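Asks: Okay, handing you the structure first.
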There are 2 protein chains.
Amino acid sequence: MSKDIHSVGVIGLGAMGMGVAQSLLRGGFEVHAFDIRREAVDKVAAAGGYAADSPAVLAKKVDAVVVLVINADQTETVLFGENGAAANLAPGSVVIASATVSPEFARSLGKRLAGMGLLMIDGPVSGGAAKAASGEMTIMASGAPEGFAKCEGVLKAIAGKVYRLGDEPGPGSVVKMVNQLLAGVHIAAAGEAMALAIRCGADPDQTYEVIANSAGSSWMFQNRVPHILAGDYTPLSAVNIFVKDLGIVLDYAKKSVFPLPLASTAHQMFLQASAEGHGGEDDSAVVKIFPGIVLPAGKRT
Amino acid sequence: MSKDIHSVGVIGLGAMGMGVAQSLLRGGFEVHAFDIRREAVDKVAAAGGYAADSPAVLAKKVDAVVVLVINADQTETVLFGENGAAANLAPGSVVIASATVSPEFARSLGKRLAGMGLLMIDGPVSGGAAKAASGEMTIMASGAPEGFAKCEGVLKAIAGKVYRLGDEPGPGSVVKMVNQLLAGVHIAAAGEAMALAIRCGADPDQTYEVIANSAGSSWMFQNRVPHILAGDYTPLSAVNIFVKDLGIVLDYAKKSVFPLPLASTAHQMFLQASAEGHGGEDDSAVVKIFPGIVLPAGKRT
C-alpha cells in the first residue's frame, strides 16, 4: 500500500464526509477537517484529527483533499472562493472532488485545477453513511493516472470499491448521474407502488415481502420501503437531495437536448413532496404525495 | 405431499404454461393440455401428456386446471366461451387462474366459479420461462383454503414459492399488478439510464457494471440491460406485454381515481416503442425510443 501521501484534508463533514474522515484516521492518516459547522470539525479533532479554520488553512497542511460538500456551488466556493483551498495547495497535490455535480462542471474543474498544477480525481461516491463510516463506500472515479497512483492508500482507506472510469474528469460524474437518475426513479416508483397496493387494500408488509423477492424489486425498494412500513421518515437521505440530484440530471440532459421522461416525472414527484412540506424528511416520504390512503403509522416509544 | 389431485389440465402453453405442463409431468401428474396452437399441444403429448381438442374436453378429465393464457379476455373465453372449461369441470374442482388480470376481474371470476360449485385460486405467476420450466416460479396466490389444500401437490410441483395473500380471489392479482407496475417502470428506467449514459459518452459495459453493483440497481436492470449491451432483442418478454400489463394497472387505477405518474409515463414509452415497430421485440427495446444515440450492435454469427 502506497503511503506517499500522509496528510489528507476533508472539506464537508456531512454524513459521507464524516465517515471519510473517520476512515482516514483509522487508516493512519493525518486528517485536517473543515466544515462551516464548527461542531462537526470539533468531532474530527476529538477523534484525533486537526480542526481547520478555513479551506485555505487546511490546504497548506495536506497533500490531498477530499471535497464532500453538497453540490457544484459549494465545491466552487471551498476551492476558489474567499479562503479557498486551491490556491493554497502545493503543486502536485490531489483534489478528490466527490460532490454530485454535472459532468461538464467536473471537466471544467479538472482543467482549472490542472492549470494550477494540481491533479483532480472526479470521484463521486455511493453507498450511504454507514458504508462511508466503515470505509466501504463506492467511488465512481476518473482522472489522471498520476493522481490515482498518489492516492492509492487514501482510496483504499475510504472505499470498498473504486471504479476507474477514465483518465480525465467527466466519466465519474456521468456514471454517478446515471446512478442517481435510477435511484430517484426507483424511490419514487417504490412509493407509487406501495401507495397503489394500500389503495387496493393489500397488506403493505406482505406486499413488500413478495415484491422484494420478485422481478419488481430494486435496491431502493428493499432499502426504502421498510421506512414506509415503519412510518419512520427520519431523514437518512432527504427528499430535497433528490430534488437537487434529479435537477442536475435534467439540467444536463436539457443542455444536451435529450429527453428523460421518467426522471422528469420522478423529479415532479419529489418537488410535490417538498412543496407539501416534506423536503427535510427521508426521501421515502415521496409516498405522501398520494392522496386518499392511510400509510402505516409510526411506532411510538 | 398431498396427491389427492392426480389429473391436471393446463390451458395456454406459452413460455409459462409449457413450463408448468413440463413440471407437472415431472411431478408425476396426468397432464391434459390445450392451446390454440396445435404444435404446442403436441409437444406436451410427446412428453407424456394428453392432447385436448378444447377446454371442454380437457375439463372432463381433470380435477384442477391451470389457466395460463395472456389476459382476462382469453381467460373468459377458455372458461366460459364456446367449448369452455367451467361448465365441464366436476363440482369441487379447482381453477388456478394465473393470467395477469385486474383484481376486479379476479374477484368477479371467483364469484362466478363459486356459483358453479368450483374453487378458484387467484394465482398470477412471476419468474420467467426458465423458472416455469424448472418448477420454481413464484405464485402470488389468494383463494379459498379448501382450494389450496386440494392443490398442495400441484403447487409444489410448479412453484418454488407460493405466497398466500388471502382467503379469496383479489389480493393475488393486486400484488401481481403492483409487481408489474414496478417491473415495467424499472425496464423503462433502465433504458432511459443507459440511453443517457451512451448520450454522455460513457462506456455502456462499464456503466452497467458500476450501476448493477450500486444503489441504482434493480432486478430488471440486471436482467434486461445485458440484452441492450449484446444488441440482442430476441423477445423473452415482449414490449407489447408491458403495453398490456401497464394498461391493466392504469385502467384499474383510473377506475379507482388514483394517479400513477410513473406507470403512465412508462406506459407511454412502451406505446412509443410499439408504435415505432418494436412491439414484438424484447421489452428492453424500449431503449430504442431515445433518439440520437448509437446502441451497441448485435453480434453476428
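Bear in mind that the values in this text are calculations on the coordinates, not laboratory data. A quick note: this is a predicted structure, and the numbers were derived from the prediction, not measured. Quick reminder, even Gly has a Cβ in these numbers, built from the backbone with ideal geometry, and neighbours come from all protein chains shown.
Asks: Quickly work out the A:Glu136-to-A:Ala297 label distance, labels modelled 7 Å from Cα along the C-beta direction, and quote it in nm with one decimal.
Replies: Rounded to a tenth, the inter-label distance reads 3.6 nm.
Asks: Within the stretch B:115-134, whose backbone N sits under 19 Å from a point 7 Å along Cα→Cβ of B:Ala87?
Replies: What the label zone holds, given the 19 Å backbone N cut-off, is B:115-119.
Asks: For the stretch B:53-117, which GluC sites (Glu not before Pro) are in a loop by DSSP, counting at most 10 other Cβ atoms within 10 Å? Don't skip to the end; give the middle numbers.
Replies: Values: sites: B:Glu76, B:Glu82, B:Glu104; in loops: B:Glu82.
Loop-located and lightly packed - B:Glu82.
Asks: Another question, if that's okay. Considering the dipole of chain B built from charges on the beta carbon (Lys and Arg +1, Asp and Glu -1) around the Cα centre, which of B:Gly153, B:Met16, B:Ala51 is farthest to its positive end?
Replies: Comparing the listed Cα positions along the dipole, B:Gly153 ranks first.
Asks: Any idea what Rg and Dmax come out to for the stretch A:149-255 if you just take the C-alpha atoms, in Å?
Replies: 17.6, 57
Asks: While we're here: Roughly how crowded by other chains is peptide A:247-260, in terms of the mean Cβ count from those chains within 10 Å of each of its Cβ atoms?
Replies: Mean partner-chain Cβ count within 10 Å for A:247-260: 3.
Asks: What shape does the stretch A:245-292 take by its C-alpha gyration tensor, where a ≥ b ≥ c are the square roots of the eigenvalues and a/c under 1.5 counts as rounded, a/b above b/c as prolate, and the rest as oblate?
Replies: Numbers: a/c = 3.31, a/b = 2.16, b/c = 1.53.
Taking the square roots of the gyration eigenvalues as a ≥ b ≥ c, the stretch A:245-292 is prolate.
Asks: Where does each of B:Ser274, A:Ser98 land when they are ranked from fewest to most other beta-carbon atoms within 10 angstrom?
Replies: Details: B:Ser274 20, A:Ser98 29.
The fewest-first ordering by Cβ neighbours comes to B:Ser274, A:Ser98.
Asks: If we count every other residue with Cβ under 14 angstrom of A:Ile241's Cβ, Lys/Arg +1 and Asp/Glu -1, where does the sum land? Present the calculation step by step, with values, prior to reporting the outcome.
Replies: Details: positive: A:Lys176, A:Arg224, A:Lys244; negative: A:Asp245, A:Glu281, A:Asp282, A:Asp283.
That works out to -1.
Asks: Given points 7 Å out from each Cα along the Cα-Cβ axis, report the A:Ala114 to B:Arg26 separation in nanometres with one decimal.
Replies: Placing both labels 7 Å beyond Cα along the Cβ direction yields 5.7 nm.
Asks: Here's another thing I want to ask about it. Using a simple charge model, +1 on the beta-carbon of Lys and Arg, -1 on the beta-carbon of Asp and Glu, nothing else, what dipole does chain A show about its Cα centre, in debye to the nearest 20? Display every interim value, and only then the final one.
Replies: Values: 24 positive and 28 negative charges, 44 e Å.
Charge dipole of chain A: 220 debye, to the nearest 20.
Asks: Right, next: Roughly how crowded by other chains is peptide B:160-172, in terms of the mean Cβ count from those chains within 10 Å of each of its Cβ atoms?
Replies: Taking all residues of B:160-172 together, the mean is 2.
Asks: Okay, next question. Give the order of A:Ile139, B:Ile70 when sorted by the count of other beta carbons within 10 angstrom, beginning with the fewest.
Replies: Final ranking by Cβ density, sparse to dense: B:Ile70, A:Ile139.
Asks: Using only alpha carbon pairs under 8 Å that are at least six residues apart, calculate the relative contact order of chain B and give it in whole percent.
Replies: On the way: 601 pairs, mean separation 43.3, N = 301.
Result for chain B is 14 percent.
Asks: Now for a separate question. Where the centre of each part is set by its Cα atoms, how far does the stretch A:8-86 sit from the stretch B:232-262, in angstrom?
Replies: Cα centroid to Cα centroid, the span is 48 Å.
Asks: Here is a further query. Kirkwood-based Rg over Rh for the stretch B:163-213 (C-alpha set), two decimals? List each step's numbers first, then the result.
Replies: Numbers: Rg = 17.0 Å, Rh = 13.3 Å.
Across the stretch B:163-213, the Cα-based Rg/Rh ratio is 1.28.
Asks: Moving on. Suppose you put the label 7 Å out from Cα in the Cβ direction; list, shortest first and in nm with one decimal, how far A:Ala149 is from each other copy's label.
Replies: Label-point separations across copies, in nm and ascending: 7.6.
Asks: If you take the Cα atoms of the stretch A:7-168, find Rg, then find the Kirkwood Rh from the mean of 1/r over all pairs, what is Rg/Rh?
Replies: Numbers: Rg = 13.7 Å, Rh = 15.0 Å.
Here the Rg-to-Rh quotient is 0.92.
Asks: Please get the size of the charge dipole for the protein assembly as shown, origin at its Cα centre, with Cβ charges of +1 on Lys and Arg and -1 on Asp and Glu, quoted in debye to the nearest 20. Working shown, then result.
Replies: Values: 48 positive and 56 negative charges, 62 e Å.
Computed charge dipole of the protein assembly as shown: roughly 300 debye.
Asks: Could you grab the relative contact order for the stretch B:7-168? Cα pairs under 8 Å, six or more apart, rounded to a whole percent.
Replies: Normalised by residue count, the contact order of the stretch B:7-168 is 21 percent.
Asks: In nm to one decimal, list the spacings between the B:Ala45 label point and its equivalents in the other copies, with label points set 7 Å along Cα to Cβ, shortest first.
Replies: Distances to the matching label points in the other copies: 8.8 nm.
Asks: Right, next: Quote the Stokes-Einstein diffusion coefficient, in whole µm² s⁻¹, for chain B, based on the Kirkwood radius over alpha carbon pairs, a temperature of 20 °C and a viscosity of 1.002 mPa s.
Replies: Roughly 107 µm²/s, to the nearest whole number.
Asks: Cut-off under 28 Å on the C-alpha distance; same-chain residues fewer than 8 positions from B:Lys150 excluded. Which lysines are left, in chain and number order?
Replies: B:Lys3, B:Lys43, B:Lys60, B:Lys61, B:Lys111, B:Lys131, B:Lys161, B:Lys176
Asks: Which residue, chosen from B:Ile211, B:Tyr163, B:Val239, occupies the Cα position most advanced towards the positive end of the dipole of the stretch B:128-249, where the dipole is computed from +1 (Lys, Arg) and -1 (Asp, Glu) charges on Cβ about the Cα centre?
Replies: Highest projection toward the positive end goes to B:Tyr163.
Asks: Quick one: angle between helix A:103-115 and the longest Cα principal axis of chain A, in degrees between 0 and 90, rounded to 10, please.
Replies: 10 degrees
Asks: Give me the one-decimal nm value for the distance between modelled label points at B:Asp73 and B:Asp232, 7 Å along each residue's Cα-to-Cβ direction.
Replies: Each label point is offset 7 Å from its Cα along the Cβ direction, giving 3.3 nm.
Asks: Sort the protein assembly as shown into rounded, prolate or oblate with this rule: let a ≥ b ≥ c be the square roots of the eigenvalues of the Cα gyration tensor; rounded if a/c is under 1.5, and if a/c is not under 1.5, prolate when a/b is larger than b/c, oblate otherwise. Please list the in-between numbers first.
Replies: Values: a/c = 2.63, a/b = 2.25, b/c = 1.17.
Since a/c reaches 1.5 and a/b is larger than b/c, the shape of the protein assembly as shown is classed as prolate.
Asks: When ranked by the protection proxy of mean other Cβ atoms within 10 Å per residue, highest first, what sequence do the peptides A:123-130, B:185-192, B:10-17, B:51-58 form? List each step's numbers first, then the result.
Replies: Numbers: A:123-130: 21.6, B:185-192: 30.6, B:10-17: 24.4, B:51-58: 20.0.
Those peptides, ordered most packed to least, come out B:185-192, B:10-17, A:123-130, B:51-58.
Asks: Now for a different question. How crowded by other chains is B:261-270, given as the mean number of beta carbons from other chains within 10 Å of each beta carbon? Could you put the intermediate results ahead of the total?
Replies: Details: counts 11, 13, 5, 2, 8, 5, 0, 2, 3, 0.
Mean shielding count: 5.
Asks: Looking only at the protein assembly as shown, where both bridge partners belong to it, what percent of the DSSP beta bridges are antiparallel (to the nearest 5)?
Replies: Values: 11 of 59 bridges.
Of those bridges, close to 20 percent are antiparallel.
Asks: Out of all DSSP beta bridges in the stretch B:7-168, what portion is antiparallel? Express it as a percent rounded to 5. Walk me through the intermediate numbers first.
Replies: Details: 4 of 28 bridges.
The antiparallel fraction comes to roughly 15 percent.
Asks: Among B:Thr138, A:Ala106, A:Ile198, whose Cα projects farthest towards the positive end of the dipole of the protein assembly as shown, with charges put on the beta-carbon of Lys, Arg (+1) and Asp, Glu (-1)?
Replies: B:Thr138
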